[in-house]
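One structure is given here, and the rest of the page talks about it.
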Amino acid sequence: MQQVLTTCPYCGSGCTLYLEVEDNTIVRVKPNSVNSVNEGALCSKGHFGMDFVHSKDRLTSPLIRKNGELTKASWEEAYNYIASRLLQYAGEFGGKSIAGFSSARCTNEENYLMQKMMRAVLGSNSVDHCARL
Amino acid sequence: MEGLSTTLGSGAMTNSIAELHTMGPGDTIFAIGTNTTECHPIIGIAMIKAVKRGAKLIVVDPRATTLTQHADVWLRLQPGSDVALLNAIAHVILQNGWEATEYIAKHTENFSEFKKIAARYFPYKAAEITGVPATLIKDAAKIIGQSRNVAIYYTMGVTQHTSGVDNVMAVSNIAVLTGNIGRAKTGVNPLRGQNNVQGACDMGALPDVLPGYQKVQKTDVREKFAKAWGVEIPEEQGLTVPSVLDGIEKGEVKAVYIFGENPLRSDPDINHVKHCLEKVELLIVQDIFLTETAQIADVVLPGAAFAEKDGTFTSTERRVQRVRKAIEPPGQCKPDWQILSELIAAMGYPAAYSHPQEIFEEMRQLTPSYNGISYARLENESLQWPCPTNDHPGTPILHVGSSIRGKARFVPADFRLPAELPDKEYPMMLTTGRVVAHYHTGTMTRRCWGLRGVAPYEMVEIHPEDAAALAIEDGDQISVSSRRGEVLAVAKVTTRVSPGLVFMTFHYSESSGNMLTNTACDPTTQTPELKVCAVAVRKVKSPGVHLADTGFLQQNTAPEGVFHQPALSNAPH
């Protein structure tokens, strides 16, 4: 069994915890007590809220809508489709025609890249996220 | 954020959570618009422990919560009347000379204007607006005015109003008036509801700022980023989420890229959001589930869950911490940073990142408040920004000595009514929030065995008097409707809410409170008024009818798998 120290994905308190992993599966969560805001405690979500990672409902492939249906596609096909359409809008109508909603659930690095993509690649400052909510 | 930026110079939580562990006699916790034990349980418990050690607790909430049970004073206000209440507290503090005279003289500005406004808010007058007895307002003011330290905590109960910015500034005014800024056990502390809201803001996922709150409209800022990124940065401020929806209606916004969000359940007036997102020419959604929003997308990209990638989150107390990969993602899923960098490269812009650490390095070179934070340092410690240099220890308390903007500013505001009040057609007031077992739109927690059963479906809280008048009994199936939509749910008859008020969450796809909520926004921040709208309630069916048999759980767009366990085998009680 492997123990990995990480940060809880739920509220903004910043509790740290160990994910106990066997066969690529999270089998248990243990609160961290060293240098942690939660001092060895966790709430119900931190303790029992990790099943979603292994849910059978997870998306597993890129999807593109074809003839009205979301259809499995390769990464390359998805990237090419998105890239050509976004660049087309940026070229034709300017960056303002494209907006990005970034994610308060994802990492700093990912949020940085999202706003960089919007601003540097597509020329749009229309990047926002649900901090307002 | 806007409110605190105006008054203090930074919108983030001023102090640190650990200070609660040191609070006791002579200290006061002032919790307004935060159901802390349900929404930030670890912090809520720390508050209650502080109270057990002798700290005083004042709670402002229209609804009974665990915190109100531990409060020395509970100010049960009418939703949306916060400014009147806070101004009246300031009035009493000033009337009794409890203000921090020396601090005000040295470290603040605009005090005389504030005094003029506060002078008008007599407690008896505020009582009429807020429904809080004048004696309780005076009790609260006395505790705040006479405590050695007062730490103010708030969340969306303060901000999700058309007067959200005024509310925040009124909260800030109380802290500044009593000199409770820049020391341990004090401060103005907005608690962030999601793991990385703070980080998303810090990273510039906002239409007016680049990373580190550097204003996009400043020429020197744009030049700095243009040099680093090798392209011109657009000068014009971008659109907020509500303005994007308007832009789609007007045909100005053609494409929307939604990353790890589910606005079709989290945003107010879902029917309107759906209408707009169906209308946009190109909708791209990057997520881990086929959420309600992903279901209407043109392209869906499968991202990775937090356990499947490396990176950092920044918590509500500005603390930057590592997220570490524990398992491989399923199927063809990829870490979101990898998807974004590959897509950027596909659009012909150089983005050869092989690990999130390289992205963090690039970011910190451009972001002064993060400049001293590195993956190497985060191996052994967690750091609170601002942390400008490699040997800087981080900043647990902001505004020590003086506020970031130089002098703390009093910004007086007058009470304004919420945008939509009960009337003949919609005679009750709806307020929304969370329950402890669930989180946001429920896409994660409702897929967790240990959480789903705790709160398996929406239970609308309604006062016994209102229930009796509508012939509703506990456990009945009821309809709640507003000008924007209607949902079915189960009635929970309880004195937790006052007469005339009903409470719902937005966790349940099939009974989402956001079918009903109002898009009316604060004029400055465009934060919608999710905490107040007018609704009508009626009984649909008595219990005894099995809820699953009524079809009401299936009629919406509950993703497959959410209800595959018999969570509804018992009648609610």
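Nothing in this text is a laboratory measurement; each read-out follows from the coordinates by a stated rule. What you see is a predicted model, and the numbers here were worked out from it, not measured in a lab. Cβ: placed from backbone, ideal geometry, glycine included. Neighbour counts: every protein chain shown.
A compact table of results
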item: Mean Cα-pair separation over length for chain B, i.e. relative contact order, pairs under 8 Å, 6 or more apart, %; result: 16
item: Cross-link partners of B:LYS309 among lysines (Cα-Cα below 22 Å; sequence separation of 8 or more within a chain); result: A:LYS30, A:LYS45, A:LYS56, A:LYS116, B:LYS325, B:LYS334
item: Ascending count of other beta-carbon atoms within 10 Å, so fewest first, for B:SER341, B:SER511, B:SER498, B:SER315; result: B:SER498, B:SER511, B:SER341, B:SER315
item: Convex hull of the stretch A:63-132 built on C-alpha atoms - directionally averaged projected area, nm²; result: 5.9
item: Least to most buried among B:LYS492, B:LYS407 (fewest other Cβ within 10 Å first); result: B:LYS407, B:LYS492
item: Taking the stretch B:428-550 and dividing mean pair separation by its residue count, relative contact order in percent (alpha carbons under 8 Å, at least six apart); result: 35
item: Links that overshoot a 18 Å alpha carbon limit, given the list B:LYS49/B:LYS185; B:LYS49/B:LYS531; B:LYS56/B:LYS138; B:LYS116/B:LYS142; A:LYS96/B:LYS254; B:LYS227/B:LYS254; result: B:LYS49/B:LYS531; B:LYS116/B:LYS142; B:LYS227/B:LYS254
item: Exposure proxy ranking, count of Cβ atoms within 10 Å, fewest first, for B:ILE248, B:ILE43; result: B:ILE248, B:ILE43
item: Estimated Rh, the stretch A:1-81: Kirkwood, alpha-carbon pairs, angstrom; result: 15.2
item: Proximal aspartates and glutamates to B:LYS218, defined as alpha-carbon separation beneath 20 angstrom and excluding residues fewer than eight positions away on the same chain; result: A:ASP128, B:GLU2, B:ASP202, B:ASP208, B:GLU232, B:GLU235, B:GLU236
item: Rounded FRET efficiency, nearest 0.05, which uses the C-beta distance separating A:VAL27 from B:SER354 and R0 of 25 Å; result: 0.25
item: Greater than 19 Å apart at Cα, pairs in B:LYS250/B:LYS279; A:LYS66/B:LYS279; B:LYS274/B:LYS539; result: B:LYS274/B:LYS539
item: Segment B:PHE122-B:TRP449, extension gain: residue separation times 0.36 nm, minus the distance between their alpha carbons; result: 112.6 nm
item: Convex hull volume of the stretch B:287-403 per residue (C-alpha atoms, cubic angstrom); result: 152
item: Residues of type aspartates and glutamates that B:LYS541 reaches as a straight line, Cα spacing below 18 Å, ignoring anything fewer than 8 places off in the same chain; result: B:GLU458, B:GLU461, B:ASP466, B:GLU473, B:ASP474, B:ASP476, B:GLU486, B:GLU510, B:ASP549
item: Distance between modelled label sites at B:GLU381 and B:THR101, nm, 7 Å Cα→Cβ extension; result: 4.1
item: Kirkwood Rh in Å, taken over the protein assembly as shown so that all alpha-carbon pairs contribute; result: 25.8
item: Note, ³J(HN,Hα) from phi for the stretch A:52-59, Karplus 6.51, -1.76, 1.60, rounded to Hz, x at Gly and Pro; result: 4, 4, 9, 4, 6, 7, 4, 5
item: Alpha-carbon centroid distance for the pair the stretch B:83-110 / the stretch A:7-46, whole angstrom; result: 42
item: Distance histogram for chain B (every C-alpha pair counted, 20 angstrom bins, percent rounded to whole numbers); result: 19, 54, 26, 1
item: For the stretch B:275-298 and the stretch B:372-442, distance of Cα centres in Å; result: 29
item: Radius of gyration and Dmax over the Cα atoms of the stretch B:428-550, both given in Å; result: 14.4, 48
item: The stretch A:2-54, relative contact order in percent, only Cα pairs under 8 angstrom and at least six apart counted; result: 27
item: Net dipole in debye of the stretch B:428-550 [+1 Lys, Arg Cβ; -1 Asp, Glu Cβ; about Cα centre; nearest 20]; result: 300
item: Alpha-carbon centroids, the stretch A:63-112 and the stretch B:306-346: separation in whole Å; result: 18
item: Average beta-carbon neighbours from other chains, 10 Å sphere, peptide B:347-359; result: 3
